[in-house]
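**Q** Dropping the structure in here first, questions after.
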Amino acid sequence: MVEIKTDAALDAMREAGRVVARALAAARKAAGIGVSLKELDEAARTVLDEAGAGSPFLGYRPSFAPVPFPAVICTSINDAVAHGIPTGYRLRDGDLVSIDCGALLDGWAGDAAISFIVGTPRPADLDLIEATQQALDAGIAAALVGNRLGDISHAIDTVARKAACGMPADFGGHGIGRSMHEDPHLPNRGRPGRGFPLRHGLVLAIEPMLMAGGQNVYRTDNDGWTLRSIDGSQSAHIEHTVAITAQGPRILTLP
């Protein structure tokens, strides 16, 4: 069932989105050579606690997961494209870091992700992050009243194909509202003019995940969570929670 939000609900979700943005900023600020992934999780957790927000990630256990997720952020490094668990791994010069974070505030959820380089960047990694950002921007630009889900999917896929990047076949964006994952599912590939119609008040988490090797196949680590490119190529993940409105797309997870 797809829930269409009222304007008041969109305003409340905007506040949850601000918390997500602050938590991501705190984790990114904490990141540096020699810093552990658990320390990044602690930085984000502090922001959530100070805002009186909960975490939709902590304790989350979808059907594919062998154990509940043990942290408030996902930390995916280099060839890990999504769902990485924060561990004692210490960041190294040149690591490509993707951080996904959510917040629950006053009954509403926000969800966003960023990708960045620690230390000295490799040009190819910067290009991958830029392509992922462009894919997100294209998806957001297509999030217009009167369009359909397939228009967003097609816009993302067009950028990914132009960059010769792959995307994990079974994962994409989703509806969001009272809970982190709601209907409808938003594939990162699709045909324009197809799928659920976009209406004022529909809220989506739009999240391209690009793999530099160009393949769409991925593997899952023994932890049951971390998704990695099958060929070991670098990966990036960028996401915003976006409301479809009569005035155009409204990004709810900006600072």
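**Q** Taking segment 210-219 as the region of interest, how many residues are without any contact (Cβ under 8 Å) to a residue 60 or more places away in the chain and within 19 Å of the chain's Cα centre (by Cα)? Can you show your working first?
**A** Step one: of segment 210-219, the residues without any contact (Cβ under 8 Å) to a residue 60 or more places away in the chain are 213-217, 219.
Restricting the remaining residues to those that are within 19 Å of the chain's Cα centre (by Cα) gives 216-217, 219.
Total satisfying the criteria: 3.
**Q** Then there is this: I'm trying to understand the selection: among the residues of segment 6-23, which are open to solvent by less than 10 Å² (accessible area, probe 1.4 Å) and either touching a Cys at 6+ places or on another chain (Cβ under 8 Å) or not in a helix (DSSP H, G or I) (or both)?
**A** If the condition is that a residue be open to solvent by less than 10 Å² (accessible area, probe 1.4 Å) and either touching a Cys at 6+ places or on another chain (Cβ under 8 Å) or not in a helix (DSSP H, G or I) (or both), then Val20, Ala23 are the ones that fit.
**Q** Tally the residues that are assigned to a loop (DSSP other than H, G, I, E, B) and surrounded by fewer than 21 Cβ atoms within 10 Å (Cβ to Cβ), restricting the search to segment 141-184. It would help to see each step written out before you state the result.
**A** Keep residues of segment 141-184 that are assigned to a loop (DSSP other than H, G, I, E, B), which gives 142-147, 163-165, 167-172, 176-181.
Right, trim to surrounded by fewer than 21 Cβ atoms within 10 Å (Cβ to Cβ) and you get 144-147, 163-164, 169-171, 178-181.
Of the residues in segment 141-184, 13 are assigned to a loop (DSSP other than H, G, I, E, B) and surrounded by fewer than 21 Cβ atoms within 10 Å (Cβ to Cβ).
**Q** Being in contact with a helix residue (DSSP H, G or I) (Cβ under 8 Å, 6 or more places away or on another chain), of a type in the set (Asp, Glu) and more than 22 Å from Pro208 (Cα to Cα) is true for just one of Glu50, Glu39. Which residue is that? First the steps, then the outcome.
**A** On the way: Glu50 fails: in contact with a helix residue (DSSP H, G or I) (Cβ under 8 Å, 6 or more places away or on another chain).
Being in contact with a helix residue (DSSP H, G or I) (Cβ under 8 Å, 6 or more places away or on another chain), of a type in the set (Asp, Glu) and more than 22 Å from Pro208 (Cα to Cα) holds for just one of Glu50, Glu39, which is Glu39.
**Q** Right, next: For the structure I just gave you, tell me whether Asp100 is open to solvent by 10 Å² or more (accessible area, probe 1.4 Å) and touching a residue at least 24 places away in the same chain (Cβ under 8 Å).
**A** Values: open to solvent by 10 Å² or more (accessible area, probe 1.4 Å): yes; touching a residue at least 24 places away in the same chain (Cβ under 8 Å): yes.
The answer is yes for Asp100.
**Q** Looking at Gly172, is it in contact (Cβ under 8 Å) with a residue 12 or more places away in the chain and more than 15 Å from the chain's Cα centre (by Cα)? Write out each step before concluding.
**A** Working: in contact (Cβ under 8 Å) with a residue 12 or more places away in the chain: yes; more than 15 Å from the chain's Cα centre (by Cα): no.
So Gly172 fails the test.
**Q** Right, something else. Look at Leu91 and say whether it is out of contact with any Cys (no Cβ under 7 Å at 6 or more places or on another chain) and within 24 Å of Lys5 (Cα to Cα). If you could, list the steps in order and put the result at the bottom.
**A** Values: out of contact with any Cys (no Cβ under 7 Å at 6 or more places or on another chain): yes; within 24 Å of Lys5 (Cα to Cα): no.
It is false that Leu91 is out of contact with any Cys (no Cβ under 7 Å at 6 or more places or on another chain) and within 24 Å of Lys5 (Cα to Cα).
**Q** Please specify each residue of segment 36-78 satisfying the condition of being in contact (Cβ under 8 Å) with a residue 60 or more places away in the chain and open to solvent by 30 Å² or more (accessible area, probe 1.4 Å).
**A** Within segment 36-78, Tyr60, Phe64, Pro66, Val67, Asn78 qualify.
**Q** Taking Ile129 and the conditions (1) over 14 Å from Val242 (Cα atoms); (2) open to solvent by less than 30 Å² (accessible area, probe 1.4 Å); (3) in contact with a helix residue (DSSP H, G or I) (Cβ under 7 Å, 6 or more places away or on another chain); (4) not charged (D, E, K, R), which numbered condition does it fall short on, given that it satisfies the others?
**A** If we test Ile129 against (1) over 14 Å from Val242 (Cα atoms); (2) open to solvent by less than 30 Å² (accessible area, probe 1.4 Å); (3) in contact with a helix residue (DSSP H, G or I) (Cβ under 7 Å, 6 or more places away or on another chain); (4) not charged (D, E, K, R), just (3) comes out false.
**Q** Can you pull out every residue in segment 185-216 that is open to solvent by 10 Å² or more (accessible area, probe 1.4 Å), touching a Lys or Arg at 6+ places or on another chain (Cβ under 9 Å) and in a strand (DSSP E or B)?
**A** Correct list: Pro197 only.
**Q** Quick one: which of Ile238, Ile244 is at pLDDT 95 or above, of a type outside the set (Phe, Trp, Tyr) and under 12 Å from the mean Cα position of the chain (by Cα)?
**A** On the way: Ile244 fails: under 12 Å from the mean Cα position of the chain (by Cα).
Step by step, each of Ile238, Ile244 is checked, and only Ile238 is at pLDDT 95 or above, of a type outside the set (Phe, Trp, Tyr) and under 12 Å from the mean Cα position of the chain (by Cα).
The values are calculated or read from the model by the stated rules, or taken from the named source; none is laboratory data. These numbers were taken from a predicted model, which means no experiment stands behind them. When we count neighbours, we look across all protein chains shown, and the Cβ atoms used for this are built from the backbone with ideal geometry, even at glycine. Just the protein is used for accessible areas: all its heavy atoms, side chains included, with ligands, DNA and RNA removed. Shrake-Rupley method; radii C 1.70, N 1.55, O 1.52, S 1.80 Å.
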